[in-house]
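A.B. asks: One structure follows; several queries about it will come next.
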Amino acid sequence: MSERGAELVRAITAAMAGRFRVSEEEAGRRVFAYFSDLNLTDESDMGDLNYIEHQGPDQWAGSIYLGLEFHEVRWDVDLSVRTPVPEQPEGQERPKGRHSPEE
């Protein structure tokens with residue numbers, strides 16, 4: 001992972017831990033699992049890091065943690081009634097989500 005990729009992962013992890021009151025460890029596991037099929041070293045104009053940077057860390061945190069669309073996780077939206085997406089057991093491939101590059 002490049003330094004830029006590490007910074008993005010740290011920012012998303014911190015946003016998730018802060019907003020949804022989960023541990024940094026759980027947030028980190030969720031972020032790494034979600035991005036497991038992306039190349040976090042690809043800094044090209046069409047690379048995965050540019051894809052990730054098109055949304056803010058807060059938007060990614062909500063999307064990953066709750067499985068919502070980016071516009072549904074703004075700071076002014078009450079998410080307290082939403083149920084988190086279950087964590088995938090280690091080694092199990094996550095289902096392709098709405099934000100997967102294959103879609």
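The values are calculated or read from the model by the stated rules, or taken from the named source; none is laboratory data. Just so you know, these numbers come straight off a predicted model, no measurement behind them. Don't worry about glycine lacking a Cβ; one is built from the backbone with ideal geometry, like all the others, and counts go over all protein chains shown. Accessible surface is based on the protein model in full, side chains and every heavy atom, while ligands, DNA and RNA are left aside. Shrake-Rupley method; radii C 1.70, N 1.55, O 1.52, S 1.80 Å.
A.B. asks: For region 18-87, what does the accessible surface come to per residue with a 1.4 Å probe? Please give it in Å².
C.D. replies: For region 18-87, the solvent-accessible area averages 59 Å² per residue.
A.B. asks: Looking at region 1-83, which chymotrypsin sites (Phe, Trp or Tyr not before Pro) are in a loop (DSSP not H, G, I, E or B) and have at most 10 other Cβ atoms within 10 Å?
C.D. replies: W75
A.B. asks: If you don't mind, another one. For region 8-70, which whole-number percentage of the solvent-accessible area (1.4 Å probe, protein heavy atoms only) is attributable to carbon and sulfur atoms?
C.D. replies: Roughly 51 percent of what the probe reaches on region 8-70 is carbon or sulfur.
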